[in-house]
Every structure is written in C-alpha cells, then in structure tokens.
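Report on the following structure.
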Amino acid sequence: MKDKKQEVKELLEYQLGDIEVGIKFHQRYNQPFDPLGDSFTEMLHACMYDTLCMGSGGSGWDTYDKGESKFSNRLQSRNCNSCKTWDGRVNKNGKKIWNYKKVMFFLSKCPVCGSEDLGKYSKDSRFGIASKSHLEYIDEMKGYRLTLLEPETFDSECRVFHLRSWFIETKDKYLTEYATRQFNSPKSNGINFMPLGQDFYRSSPCLHLDATISKDGVEINYLNTENKEPEIGDEKFYKLSVEEIMNKKSFGKERGELSR
Ligand SMILES: [Zn+2]
C-alpha cells in the first residue's frame, strides 16, 4: 500500500496546489472555495481503485470498474444578516422568505456591506444519489464512493481540512430500501443523503481514505480500499428499525414547498 499512498498524496497535492494562494483569490472575489469537486474526485477514485475514468463526463459510469463517485464539500458560505432582501414570497406558515447575500467560508465580514453579523456555517451538504438509477443499475453498479471535504474547525481562519472517502455497496439493504421508497413516492427522484447522518451510517459506509490537508501538503492517515468493516455512528442512529425510519420520512413533501 505504500506506493499507492504516495500516488494518492501526489494527485491530491497537484489538484490542491498552493491552498493559501487559492483561498486568498477566492476571498478576494467572494467565490466558494471548492478545490476538489465532482470531476476530480472521479480521478481520485480511479487512482485509489486502480481503474480509469470513462473519458467523457456525465455519461455512463464514473469509472470503468462501475463505481459511482459522489462528492460533498462543507466549506460552504454563510448568510449576511445585514443585507437581506424580500422578493415577496412567504412559506406555508406565512413567514417571509428572505434572500440573503452569501459570504464565502473564509471571510469574517460581508464583502458587500462590511457587517460581521453573519449566519451560522451550514452543515447541510448532500451526496446526490438518484433513486431511479440506483434501482435501474442495482445488479451492475459496484457501489458508491462518497467523498467528504470538511474544515477542521468551522471558522474563517481554518486552514486545515479533512478529506474522507467511504464505500457503500449498491446492494446495501438500507440504501436500497430508501431508494425504493423514494422512487415510489410522488416526490423527487433524489435521495436526501446527508454525510454523517442517520441514513449514511445505516447504509454501512466503509472508510477507504482518510487524509489531512494543510498548507504543508497532504498527509494520508488511512488508505485501504479493501476495508469491509462499516463505520459506526452515534448510537442514536441505531434505535429505530429500517421500517420505522422509512415510515417517518416525508420523502420531500415538506422541503422546498413555497407559495406566493
Ligand atoms: Zn452584508
């Protein structure tokens, strides 16, 4: 595994480049810092799993070994509480829905109005898993390679990041049940799959990569693409049966319903 660790480290360091310079430019123009992204993580997985990308983005499998790569970045923007506007919409409880100006992760002040009154950092990132393709390709697709980039601390001064990648096999019982229910619901095809949440842990994610990213480069803490031991989350995630969890889900009925 020693050479593979080096290969993964070199690929990540090439992609990340000088993160201090990268952050500086993104701060200057208030652009979210997303140095890895979907397309790169497919390449990262090709490296980790000794396979190749398909050579065409967006069609067919992500890699020749029929893996599906998903990426989520928690270096998300905050809202500026001082500059918000109302476009006339209210939610179903009659409360106004405000549009906030977004302030990128590494700024401590709003670049538009200068206010330091910023909202909380959102941890609301999702892995985009489609229930239709899950069920359609269940016999062919090997599984999901879920990669998460997180700051060490949710703080604009943070310059140390954590990158992890897990594998969930397509035929995982929990995820397949979720996909089936989602697909049969009248609502969207997309599964609301939050990293490190209940659905994530109940789907038996096996850790394959753990790395620390800092201005000094990338440290590979763990790399084992053969690991079949699922990670265990907080005990609160295991109190209900699969059936009970599914029955509690709204399958998108409550989210995003707006009225004018
Ligand atoms: Zn502002």
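Counting neighbouring beta carbons within 10 Å and listing from fewest to most, the residues ASP62, ASP3, ASP172 come out as ASP3, ASP172, ASP62. With only the Cα atoms considered, segment 50-157 has a convex hull volume of 181 Å³ per residue. Run the Debye formula on the Cα coordinates of the chain, all scatterers equal and no solvent, and tell me log10 I(q)/I(0) at q = 0.07 1/Å. With no solvent term, the Cα-only Debye profile gives -0.29. The C-alpha radius of gyration of segment 1-115, expressed as a fraction of 2.2 N^0.38 Å, stands at 1.47. So what's the gap between the Cα centers of segment 1-63 and segment 201-225, to the nearest angstrom? Distance between centres, Cα-based: 14 Å. Normalising the Debye intensity of segment 77-120 to I(0), with uniform scatterers on Cα atoms only, and taking log10 at q = 0.15, 0.16, 0.22 Å⁻¹ returns -0.39, -0.44, -0.68.
For segment 116-159, the list of trypsin sites (Lys or Arg not before Pro) that fall in a loop by DSSP and count at most 10 other C-beta atoms within 10 angstrom reads LYS120. Legend: Rg and Dmax of segment 148-260, from Cα coordinates, 17.1, 52 Å.
Taking all Cα pairs closer than 8 Å and separated by 6 or more residues, the relative contact order of the chain comes to 18 percent.
Whole-Hz Karplus values for segment 190-206 come out as x, 7, 7, 9, 8, x, 6, x, 4, 4, 4, 5, 6, 8, 6, x, 9 Hz, taken residue by residue from phi with 6.51 cos²θ - 1.76 cosθ + 1.60 and θ = phi - 60°; glycine and proline positions read x. Contact order for segment 1-110, expressed relative to its length and based on alpha carbon pairs under 8 Å spaced 6+ residues apart, stands at 23 percent.
Sorted from fewest to most neighbouring beta carbons within 10 Å, what does the list THR170, THR85 look like?
So the residues, fewest neighbours to most, are THR85, THR170.
Computed from the coordinates by the stated procedures, all read-outs in this text should not be read as laboratory data. Source: prediction; values computed, not measured. Here the Cβ is made from the backbone with ideal geometry for all residues, glycine too, and neighbour counts use every protein chain on show.
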